[in-house]
Amino acid sequence: MYTHVLEERKNSIKTSDRDAAPIRCETASVSGAVSQRACVYCGARVVLNPITDAFHIVHGPIGCASYTWDIRGSLSSGSELYRNSFSTDLQEKDVVFGGAKKLTSAIDEVMNVYAPKLIFVYATCIAGVIGDDVEAVCREAERKYGSRVIPVKAPGFSGNKSTGYRMACDALMQLLLPHREQAAADGVNILGDYNLAGEMWIIKNYMKEIGVPVISTFTGDASYDRLLGAPSARLNVVQCAGSMIYLAERMEMEFGIPWIKASFFGIEDTTTAIRQIADLTGSPETRRKAEAFTRRESERATALTAPYHKSLAGKKAAIFVGGGFKAISLVRQFREMGMETVLVGTQTGKADEYEVLGKLVSPGTVILDDANPAELEKFMREKGADILVGGVKERPLAYKLGIAFCDHNHERKHALAGYEGVENFAREVNLSVNSPVWHYARG
Ligand code: SF4
């Protein structure tokens with residue numbers, strides 16, 4: 001049925017109205033299939049990197065550090081220290097004789113120069129293979145300096161990007177657990193927003209509009225001191241479900257904080273998210289404010305995007321993003337813009353998210369888990385996609401095929417969340433899809 005696709009990959013691909021069996025997902029990538037997923041270490045780093053005053057020491061070869069240096073376009077309202085990357089730069093000699101001493105020296109140097117309150121130490125592939133006792137080095141450094149030095153044992157080969165997310169969440173819990181005894185505060189934590197192009201600030205403004213205080217943010221524009229208040233919140237709002245549901249579950253177990261998923265992409269989902277948060281506060285005044293605010297902003301966003309509908313109507317979209325929850329919002333958002341989704345895939349989507357996607361998309365839409373470039377190319381050509389929405393690894397593929405592209409990942413420069421993001425997204429998609437360059441590129 002799916003020709004020119006590796007036999008072992010066939011169960012990870014389905015067509016919405018044709019294949020009744022659930023898609024194969026939440027499993028290791030097929031060896032040799034050239035997965036688009038990042039490694040375990042990268043998954044952990046992208047979650048922790050936006051903490052603005054944290055230091056990141058990468059215990060491994062210099063390549064691991066350079067691969068993830070300033071990896072997210074996360075913005076900060078304060079410190080810019082997180083934009084640095086430190087490495088022990090392991091060499092052959094260290095592989096033979098061990099790298100623990102080098103790691104101790106690196107921590108000493110960072111402490112002597114910057115005296116930070118928080119350091120994350122990542123053990124990458126080589127450190128995992130040679131077996132340096134990274135935990136012991138971090139423990140000793142905490143004792144010596146009184147700062148938090150948290151190990152993140154994330155060799156790239158020990159799973160996939162989702163494993164890295166969990167390791168980052170475990171590291172955050174190590175930070176929070178000693179601060180569990182706090183009086184409950186009237187406010188929420190926002191999880192899984194990384195303040196790309198200032199999106200966390202947009203969401204915080206919405207919370208201010210409806211009178212809901214934000215206590216901590218994970219991890220966009222976070223700081224060590226602000227994170228420590230998180231156990232006092234009455235609700236966790238999870239935006240990027242793929243990276244942060246695990247943290248929300250652990251916080252519910254340890255601190256008794258309930259959580260909800262809330263997407264701020266597209267008019268429909270943003271409105272639902274704000275109203276849902278207001279409902280859960282139990283305050284009639286907050287509900288009233290949320291109702292009035294979302295009605296006003298939805299109308300404004302609808303009016304601002306209306307001029308694009310004519311030039312976007314009938315265009316076909318392909319989506320390949322990190323998590324399933326975002327993919328669901330994007331399908332809805334394209335529908336709001338009069339466009340049809342013909343292909344949708346994710347790196348780390350979950351079974352329940354694929355089930356929702358299967359019901360949401362039009363008949364004949366191709367759904368893929370953990371796709372590779374060859375599959376994306378084949379199905380985008382077959383389905384006649386006009387634009388691909390993805391991340392940095394998908395961009396060259398789209399351009400080589402002469403297909404428009406919209407970056408919905410770390411590198412985006414315009415906010416795509418909230419009502420503000422709705423207009424930015426429509427404008428960017430319209431500019432890209434209707435650019436005359438594609439006529440020349442496709443010959
Ligand atoms: S796969 Fe291993 S060597 Fe490569 S970046 Fe990830 S941790 Fe470093």
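Some notes on this structure:
- Normalising the average separation of contacting C-alpha pairs (under 8 angstrom, six or more residues apart) by the number of residues puts the relative contact order of segment 150-228 at 28 percent.
- Estimated distance in nm for a label pair at ARG180 and LYS310, the labels positioned 7 Å out from Cα along Cα-to-Cβ: 6.1 nm
- Proximal charge balance of MET167 [Cβ under 14 Å; K/R count +1, D/E count -1]: +3
- Length released on extending from ARG83 to GLU142, taking residue separation times 0.36 nm less the Cα-Cα span: 19.0 nm
- Annotation: amide H-H contacts under 5 Å for SER87 (H modelled 1.01 Å from N, sequence separation of 5 or more, or interchain): VAL58.
- Set of lysines near LYS144 by C-alpha distance (under 24 Å), chain-local residues within fewer than 8 positions excluded: LYS101, LYS102, LYS117, LYS153
- Counting only residues at least eight positions apart within a chain, or on another chain, the aspartates and glutamates with an alpha carbon under 17 Å from that of LYS14 are GLU26, ASP352, GLU353, GLU355, ASP369, ASP370, GLU375, GLU377, GLU382.
- Nonlocal amide H pairs with THR365, under 5 Å, H built at 1.01 Å: SER16, ASP17
- Over the residues of the chain, the helix contribution to mean residue ellipticity at 222 nm works out to -14500 deg cm²/dmol, using -39500 (n - 2.57) for each DSSP H run of at least 4.
- Fraction of antiparallel bridges per DSSP, the chain only, in percent to nearest 5: 10 percent
- Distance between the C-alpha centres of segment 396-443 and segment 9-29: 28 Å, rounded to the whole angstrom.
- Ordering of 54-62, 26-34, 13-21 by burial proxy (mean other Cβ atoms within 10 Å per residue, highest first): 54-62, 13-21, 26-34
- For LEU235, LEU196, order by how many other beta-carbon atoms lie within 10 Å, fewest first: LEU235, LEU196
- Amide H within-cut-off set for CYS406, under 5 Å, with H built and near neighbours excluded: LEU388, VAL389, GLY390
- Ranked by the mean number of other Cβ atoms within 10 Å of their residues, highest first, the peptides 169-175, 118-124, 129-135 come out as 118-124, 169-175, 129-135.
- Label-point gap, in nm, between ASP70 and SER31 - each point 7 angstrom along Cα→Cβ: 3.9 nm
- Förster radius 60 Å - calculated FRET efficiency between GLU209 and LYS93 (Cβ-Cβ, nearest 0.05): 0.55
- Peptides 109-116, 335-342 ranked from most to least packed by the mean count of surrounding Cβ atoms within 10 Å: 335-342, 109-116.
- Given charges at Cβ of Lys, Arg, Asp, Glu: the chain dipole, positive-most of THR341, GLY324, SER435: SER435
- Given charges at beta-carbon only (K, R positive; D, E negative), |dipole| of the chain in Debye: 700 debye
- C-alpha center-to-center spacing [segment 44-88, segment 263-313] in angstrom: 34 Å
Read-outs: derived from the displayed coordinates by stated rules, not from any lab. The structure presented is a predicted model; accordingly, all values stated were derived computationally and were not measured. Note that each Cβ is placed from the backbone with ideal geometry, even for glycine, and that neighbours are counted across all protein chains shown.
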